[in-house]
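The values are calculated or read from the model by the stated rules, or taken from the named source; none is laboratory data. Everything numeric here is computed off the predicted structure, so don't read it as measured data. Virtual Cβ from ideal backbone geometry, glycine too; neighbours counted across all protein chains shown.
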Amino acid sequence: MVVYQPEKMHRVMLKLSGEILAGEKGYGFDDEVIDRITDDIIDLRKMGYSLAVVLGGGNIFRGGSWKNKTLDRVVLDNIGMIATIQNALYLAEILNKKNYQAEVFSALEADKVAKTYTPSRARNALQEGRICFLCGGTGNPYFTTDTAAVLRAVELELDVVLKGTKVDGLYSDDPKKNPKAEFIRTATFRECLDKKLAVMDMTAFSLALEHSIPIKIFNVSARGSIKEAALRTDIGTFIHA
């Protein structure tokens, strides 16, 4: 059985949903949650990790979710990608105020507020020790921020994607509906496909499989959870080739 090897994980992609930033409110920003998350990011950076971050935008606007089906999906997805820019700018500014260098790179052109993302720009920033927020999704509609996170991890040759969620990891069934659902500590990409375990959307998952980018799913709800997910083998679910 392949297990998570923290000693081999030095360059990390952290993927967080926008909903996590909203806390219990479900919309906008929960400053206590964001303060905790930025402190956790700093803890990881202090340990020498190179750290890229992709945020969702669901706390502001979820692209592709609309009641009026006559609205243009492309326009709505673009609004969702703009929401991710807002989230990245906010967290990066907080980190800078805490005296940790953070920079925002956007796949959508927004030159007045963020540099346009290219792999070389982000790679240089990571090498210089800056925390890099990679926002604007992939820059294209119909792709999720999960896909953006895996794509950027591939482009920047990162070691692992840490996906922070509201659950401890993967289960054999929905633990809220089935109290007998078993926690899955480690799994292969093929096992996830065969068992139809919901890890990420299929485009993101296929990209991770093709390029052998491991994914670790963990609960980001508690203080210190990001560092523990990076350092400990007994936290979360490790998914590998």
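Against the condition of a type in the set (Asp, Glu), modelled with pLDDT of 95 or more and at negative phi, how does ASP72 come out, does it pass? When the stated conditions are applied, ASP72 does not pass them.
Across region 96-118, the qualifying residues are those that are more than 17 Å from the chain's Cα centre (by Cα) and surrounded by 14 or more Cβ atoms within 10 Å (Cβ to Cβ), and the one among them that is nearest to PHE61 (Cα to Cα) is LEU108.
Here's the yes/no breakdown for (1) closer than 23 Å to THR144 by Cα; (2) not aliphatic (A, V, I, L, M):
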residue: MET13; (1), (2): yes, no
residue: SER17; (1), (2): yes, yes
residue: ILE42; (1), (2): no, no
residue: SER50; (1), (2): no, yes
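Screening THR145, THR203 for residues that are polar (S, T, N, Q) and surrounded by fewer than 20 Cβ atoms within 10 Å (Cβ to Cβ) leaves exactly one candidate, THR203. Which condition from (1) within 22 Å of the chain's Cα centre (by Cα); (2) of a type in the set (Gly, Ala, Ser); (3) farther than 23 Å from MET13 by Cβ is the one that GLY169 breaks? Condition (3) is where GLY169 drops out. The single residue among ALA222, ALA230 that is among the aliphatic types (A, V, I, L, M), without any contact (Cβ under 8 Å) to a residue 12 or more places away in the chain and over 23 Å from THR144 (Cα atoms) turns out to be ALA222. Restricted to strands (runs of 3 or more DSSP E) entirely inside region 141-241, those with at least 1 residues that are closer than 28 Å to ILE34 by Cβ and modelled with pLDDT of 95 or more are 160-165, 215-219, 237-240. Within region 5-49, being at pLDDT 95 or above and of a type in the set (Phe, Trp, Tyr) holds for PHE29, TYR49. Number of residues in region 119-147 that are more than 23 Å from ARG62 (Cα to Cα) and small (Gly, Ala, Ser): the value is 4.
Conditions tested, residue by residue: (1) out of contact with any Phe, Trp or Tyr (no Cβ under 6 Å at 6 or more places or on another chain); (2) in a helix (DSSP H, G or I); (3) touching a residue at least 60 places away in the same chain (Cβ under 8 Å).
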{"site": "VAL74", "(1), (2), (3)": "yes, yes, yes"}
{"site": "GLN86", "(1), (2), (3)": "yes, yes, no"}
{"site": "TYR90", "(1), (2), (3)": "yes, yes, yes"}
{"site": "ILE94", "(1), (2), (3)": "yes, yes, yes"}
{"site": "GLU109", "(1), (2), (3)": "yes, no, no"}
{"site": "VAL113", "(1), (2), (3)": "yes, no, no"}
{"site": "ASN124", "(1), (2), (3)": "yes, yes, no"}
